[in-house]
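> Sharing a structure, written as structure tokens. Questions coming.
The values are calculated or read from the model by the stated rules, or taken from the named source; none is laboratory data. This one's a predicted model, so the numbers in the text were calculated from it and none came from an experiment. All Cβ positions, even for glycine, are placed from backbone atoms using ideal geometry, and neighbour counts span all protein chains on display.
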Amino acid sequence: MKDGFLKVAAAAPEIRVADPAYNAERVIEKIREAEDLGVKALVFPELCLTGCTCGHLFYQRTLTDAALDALRRVAEATVGGDMLVIVGLPLACDGKLYSAAAAVCGGEVLGFTTRRNVRGTVFSAQPEGELEVVDLGGEDSCRVGAAIYGAPDVIRGLYAAVCFAADRAEPIPPMAGLCAQGATIIFELSDEPMSVQSRRETLSALEVDTRRLHCGTVSAAPGKGESTTDKTYYGLCAVADDGEILAVSESGSGMAVSEIDIFNLCDARMRSQTYAGVNSYCADHCEWNLKKADTALTRRIKREPFVPDSGMAEFAERCLTIQAEGLIKRMEYTNCWRPVIGVSGGVDSTLVMLACARAMDICGLPRGNIVAVTMPCFGTTDRTKNNAITIAERLGAELRVIPIGESVKKHFETIGHDLDDHSVVFENAQARERTMVLLDIANKVGGLDVGAKDVGEQADGWWTYNGDQISNYDINAGMTKTMVRAVVKYISETTDDAVLAAALHDIWDTPVTPELLPIGEQGELLQKSEDSVGPYILQDFFLWHMVMRGGSPEKVLRLAERAFEGEFDRETLIFWLRSYCRRFFAQQFKRSASADGPAVMGFTLSPRDGHKMPSDACSALWLGQVEEL
């Protein structure tokens with residue numbers, strides 16, 4: 001349970017219709033399999049102990065009594081364990097027949113939850129607010145009603161509840177009410193058959209619901225062995241966590257296993273501020289005697305959490321459109337219709353050029369309105385300069401090549417700085433000269449200086465205060481470096497302009513650099529940003545897991561070790577994590593004075609509507625934790 005992770009599973013055993021004894025053995029087999037994997041919570045499909053296709057056989061006391069006997073056998077199989085097992089069965093109680101889910105742990109049946117949406121079935125809906133008691137034989141009995149099974153002493157915020165997939169169709173689904181009562185994990189029993197759209201619709205619903213409610217859901221649907229008289233069942237099992245599908249099995253008799261991050265769910269709810277005082281659903285609270293144990297991570301940890309696994313066409317289109325529309329509004333407001341861009345031959349300024357071209361196309365204005373300014377100086381290579389020129393020419397922008405070397409040298413004479421002193425003064429003077437040129441050109445042509453810095457650069461402070469730190473509008477301010485690179489790469493692979501494609505691909509393949517230190521004797525690039533601030537793929541990873549999701553340095557390192565296994569060793573990860581913690585705090589003063597810009601991904605470091613923090617916050621707590629790793 002370290003770092004708040006709970007290993008969960010959904011299983012669909014191969015059953016026989018109306019044979020509870022046989023089905024109980026198959027359920028027990030899955031329980032043993034899950035125990036071997038370290039699973040602490042396991043859910044089975046609706047009516048798993050009998051099969052969901054028994055029809056009017058459910059009215060037979062012979063079947064319902066046998067189902068209770070099977071449940072007792074399942075409960076006995078959990079003696080001595082701490083796994084919470086949720087299994088479905090028909091339940092006859094006080095003249096009513098329910099489709100119920102039994103929660104079992106440590107040899108005991110903790111409670112029953114019944115399906116509410118019973119339309120089209122032989123079952124009854126439990127009257128609202130009524131709690132009934134089921135006689136399990138001997139001195140054992142159990143209550144029927146909604147319940148939340150908690151183990152907060154083991155994992156802070158761990159509260160589990162049970163729902164049925166059919167109840168999603170209700171105007172106010174029980175899932176929402178249970179989450180409002182504090183449930184962070186929902187175990188969902190389904191009786192859904194297989195269809196051409198069932199997988200897509202189910203996974204889509206899980207993604208939407210878990211993202212909206214900041215919860216985890218473990219869902220199991222019937223598998224092989226169900227009657228195929230009218231339908232086919234294939235055991236769709238899935239684990240979802242806060243909008244992300246972690247594991248899926250659809251093999252007919254398989255198991256989906258992964259780990260849900262309880263700490264992140266609690267933190268996400270805290271940030272959303274939508275759970276305070278919401279208590280609209282009545283549920284019993286039961287203790288789940290979970291024991292503390294290490295949880296081995298098997299879930300996939302994305303290397304690039306800001307970049308989608310699929311759908312790049314829509315992703316790139318949406319990014320460009322949001323950037324373009326933001327710029328259009330700013331141009332309308334200021335009546336300045338000429339974007340002025342410092343083009344360096346890097347990915348950031350290239351994406352700005354592409355977005356500005358999109359803005360001109362939307363407005364029906366000539367792309368010649370764009371003023372692309374390349375300002376070669378001491379660290380400019382032919383490769384980056386030529387790529388910048390090519391991009392400007394292929395997009396139809398007005399190109400201006402303005403060498404700034406002599407201006408910078410004159411400035412060095414003015415302030416008494418030695419040209420051979422390559423300190424921060426040497427670098428920042430060039431960055432500020434470039435910004436002054438861009439702002440003055442924007443004034444001259446009646447335009448806007450459109451900035452190119454991205455979220456990654458803002459986070460690590462790899463931008464010059466009063467240099468590229470300022471502009472009239474920053475359309476990259478809501479995009480990380482990995483997002484920028486992904487969009488540029490996609491356009492390079494899909495554009496019909498072969499010359500543009502070649503330049504874009506070369507830009508994507510060029511190491512990120514501010515080009516502020518002299519180049520090598522053969523004209524090669526010597527200054528690389530990632531040598532100073534760390535690989536941007538790591539920086540974006542740290543941004544996602546530490547800044548946006550509130551993970552501790554220890555937890556972030558654990559996730560990074562899994563995500564980048566074989567790519568970065570532990571020592572390297574700790575080195576750059578330490579660097580990131582230090583720089584993130586130290587560079588806030590630059591972010592506090594940053595320009596406006598659209599939140600493309602819904603998150604920015606804007607001091608107005610994004611991540612807020614004081615410029616003099618102390619980093620000792622975070623750095624202290626890094627030193628202990």
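> Hey, among the residues in the stretch 398-415 that are of a type outside the set (D, E, K, R) and in a strand (DSSP E or B), which one's nearest to Met353 (Cα to Cα)?
If we filter the stretch 398-415 for residues that are of a type outside the set (D, E, K, R), which is where we start, we get 399, 401-405, 407-408, 411-412, 414-415.
In the following step, the residues that additionally are in a strand (DSSP E or B) were identified as 399, 401.
Numbers: Leu399: 12, Val401: 16 Å.
Taking the candidates together, the pick is Leu399.
> Quick check: is even one residue across the stretch 276-292 in a helix (DSSP H, G or I), small (Gly, Ala, Ser) and under 30 Å from Ala180 (Cα atoms)?
Here is the first cut: in the stretch 276-292, the residues in a helix (DSSP H, G or I) are none.
No, that holds for no residue.
> For the structure I just gave you, tell me whether Val27 is in the same structural domain as Ser253 (by TED's automatic domain parsing), touching a strand residue (DSSP E or B) at 6+ places or on another chain (Cβ under 7 Å) and closer than 30 Å to Ala268 by Cβ. Explain how you work it out, then say what you get.
Working: in the same structural domain as Ser253 (by TED's automatic domain parsing): yes; touching a strand residue (DSSP E or B) at 6+ places or on another chain (Cβ under 7 Å): yes; closer than 30 Å to Ala268 by Cβ: no.
So Val27 fails the test.
> Regarding Ile470, is this residue touching a strand residue (DSSP E or B) at 6+ places or on another chain (Cβ under 8 Å), surrounded by fewer than 22 Cβ atoms within 10 Å (Cβ to Cβ), closer than 17 Å to Gly342 by Cβ and not basic (Lys, Arg)? Steps first, answer last, please.
Working: touching a strand residue (DSSP E or B) at 6+ places or on another chain (Cβ under 8 Å): yes; surrounded by fewer than 22 Cβ atoms within 10 Å (Cβ to Cβ): yes; closer than 17 Å to Gly342 by Cβ: yes; not basic (Lys, Arg): yes.
Yes; evaluated as a whole, the condition is true for this residue.
> Have a look at Cys336, Cys286 and point out the one that is farther than 23 Å from Ile537 by Cβ, at pLDDT 90 or above and surrounded by fewer than 21 Cβ atoms within 10 Å (Cβ to Cβ).
Testing whether each residue is farther than 23 Å from Ile537 by Cβ, at pLDDT 90 or above and surrounded by fewer than 21 Cβ atoms within 10 Å (Cβ to Cβ) leaves just Cys336.
> Right, here's the next one. Tell me, please, whether a residue that is in contact with a helix residue (DSSP H, G or I) (Cβ under 7 Å, 6 or more places away or on another chain) and farther than 29 Å from Asp267 by Cβ can be found in the stretch 234-249.
Scanning the stretch 234-249 turns up at least one residue that is in contact with a helix residue (DSSP H, G or I) (Cβ under 7 Å, 6 or more places away or on another chain) and farther than 29 Å from Asp267 by Cβ.
> Residues in the stretch 294-317 that are out of contact with any helix residue (DSSP H, G or I) (no Cβ under 6 Å at 6 or more places or on another chain), assigned to a helix (DSSP H, G or I) and touching a residue at least 24 places away in the same chain (Cβ under 8 Å): how many?
Within the stretch 294-317, residues that are out of contact with any helix residue (DSSP H, G or I) (no Cβ under 6 Å at 6 or more places or on another chain), assigned to a helix (DSSP H, G or I) and touching a residue at least 24 places away in the same chain (Cβ under 8 Å) number 2.
> Here is a follow-up. Return the only residue of Leu37, Leu47 being closer than 27 Å to Val239 by Cα, at pLDDT 95 or above and surrounded by 23 or more Cβ atoms within 10 Å (Cβ to Cβ). Quick ask: steps written out before the conclusion?
On the way: Leu37 fails: surrounded by 23 or more Cβ atoms within 10 Å (Cβ to Cβ).
Exactly one residue qualifies, and that residue is Leu47.
> From the residues in the stretch 513-543 that are at pLDDT 70 or above, under 24 Å from Gly467 (Cβ atoms) and of a type in the set (A, V, I, L, M, F, W, C), which one is surrounded by the most Cβ atoms within 10 Å (Cβ to Cβ)?
Top of the filtered list is Leu543.
> Something else: Need at least 2 residues that are buried (at least 19 other Cβ atoms within 10 Å of the Cβ) and of a type outside the set (A, V, I, L, M, F, W, C) per element, so show me which strands (runs of 3 or more DSSP E) inside the stretch 171-242 make the cut, counting only ones lying wholly within it. Explain how you work it out, then say what you get.
Working: elements: 185-189, 216-220, 237-241.
Passing ranges, in order: 216-220.
> Scan the helices (runs of 4 or more DSSP H) fully inside the stretch 554-629 and keep the ones with 2 or more residues being in contact with a Leu (Cβ under 7 Å, 6 or more places away or on another chain) and either of a type outside the set (Asp, Glu) or within 27 Å of Thr464 (Cα to Cα) (or both). Give the steps one after another, and end with the answer.
Numbers: elements: 570-586, 588-591, 620-627.
Result: 570-586.
> Let me ask you something else. Quickly run through the stretch 367-400 and pick out the residues that are under 14 Å from Arg434 (Cβ atoms), without any contact (Cβ under 8 Å) to a residue 60 or more places away in the chain and in contact with a helix residue (DSSP H, G or I) (Cβ under 7 Å, 6 or more places away or on another chain).
Ala372, Thr374, Pro376
> Just one of the numbered conditions (1) in contact (Cβ under 8 Å) with a residue 12 or more places away in the chain; (2) touching a strand residue (DSSP E or B) at 6+ places or on another chain (Cβ under 9 Å) is not true of Gly225; which one?
(2)
So that you can scan it fast, the table gives a plain yes or no per residue for (1) modelled with pLDDT of 95 or more; (2) surrounded by fewer than 19 Cβ atoms within 10 Å (Cβ to Cβ); (3) of a type in the set (Val, Ile, Thr); (4) outside any helix (DSSP H, G or I):
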residue: Val340; (1), (2), (3), (4): yes, no, yes, yes
residue: Thr350; (1), (2), (3), (4): yes, no, yes, no
residue: Leu354; (1), (2), (3), (4): yes, no, no, no
residue: Arg358; (1), (2), (3), (4): yes, no, no, no
residue: Val373; (1), (2), (3), (4): yes, no, yes, yes
residue: Thr380; (1), (2), (3), (4): no, no, yes, yes
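> Here's something else I'd like to know. Can you go through Asp19, Asp36, Asp3 and tell me which one is of a type in the set (D, E, K, R) and at positive phi? Before the answer, list the steps.
Values: Asp19 fails: at positive phi; Asp36 fails: at positive phi.
Result: Asp3 is the single residue among Asp19, Asp36, Asp3 that is of a type in the set (D, E, K, R) and at positive phi.
> Would you be able to tell me the number of residues in the stretch 408-434 that are surrounded by fewer than 21 Cβ atoms within 10 Å (Cβ to Cβ), polar (S, T, N, Q) and either closer than 16 Å to Asp474 by Cα or touching a residue at least 12 places away in the same chain (Cβ under 8 Å) (or both)?
Number of matching residues: 1.
> Let me ask something additional. Which of (1) over 25 Å from Glu259 (Cα atoms); (2) modelled with pLDDT under 95 does Arg367 not meet, given it meets every other one?
That leaves (2) as the condition not met.
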